[in-house]
1. Zone of Tyr59 (label point 7 Å along Cα→Cβ, backbone N under 15 Å): which residues in region 13-34?
2. Within 15 Å, Cβ to Cβ, of Val2, how many net charges do the neighbouring residues add up to if Lys/Arg are +1 and Asp/Glu are -1?
3. Normalised by the residues of the chain, what does the relative contact order come to in percent, with Cα pairs under 8 Å and at least six apart?
4. Return the loop-located GluC sites (Glu not before Pro) in the chain (DSSP other than H, G, I, E, B) with at most 16 other Cβ atoms within 10 Å of their own Cβ; answer none if there are none.
5. Just need the Rg to Rh number for region 1-40, please, alpha carbons only, Kirkwood Rh.
6. Cα-based Rg of region 23-71 per 2.2 N^0.38 Å, rounded to two decimals?
7. Pull up all non-local amide H partners of Asp12: gap of 5 or more, or a different chain, and H-to-H distance under 5 Å with H placed in the peptide plane.
Amino acid sequence: MVYTKLKSSTIDSVAYLPDHGTLEINFKSGHTYQYYGVPDFIYEEFLRAESPGAFFDLYIKKVDYEYEQVK
């Protein structure tokens with residue numbers, strides 16, 4: 001996976017596997033989560049978001065994506 005660093009107080013970096021719709025988020029707390037079935041456009045907007053933390057809360061966390069903690 002290729003990780004992209006984000007300018008955020010809560011999120012360190014993200015990676016995306018478009019073939020699977022898997023979004024991996026590394027939080028500054030040290031935890032890592034994978035979210036499944038995430039559309040490409042959500043990932044692209046996430047990268048451009050002025051506030052990645054707010055974007056995550058609204059468009060990823062509050063949506064019913066299946067997820068698991070991997071670290």
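1. Answer for this model: 14-16, 23-24.
2. Numbers: positive: Lys5; negative: Asp12, Asp19, Glu24, Asp40, Glu44.
Charge balance in the 15 Å sphere: -4.
3. Working: 114 pairs, mean separation 20.1, N = 71.
Across the chain, relative contact order equals 28 percent.
4. On the way: sites: Glu24, Glu44, Glu45, Glu50, Glu66, Glu68; in loops: Glu50.
Those that pass, being in a loop and sparsely packed, are Glu50.
5. On the way: Rg = 10.0 Å, Rh = 10.2 Å.
Over the Cα atoms of region 1-40, Rg/Rh equals 0.97.
6. Values: Rg = 10.3 Å, N = 49, 2.2 N^0.38 = 9.7 Å.
Normalised Rg, Cα atoms only: 1.07.
7. HN-HN under 5 Å from Asp12: Asn26, Phe27, Lys28.
Just so you know, all these numbers are worked out from the coordinates, no wet-lab data involved. Since this is a predicted model, take the numbers as computed values, not measurements. Here the Cβ is made from the backbone with ideal geometry for all residues, glycine too, and neighbour counts use every protein chain on show.
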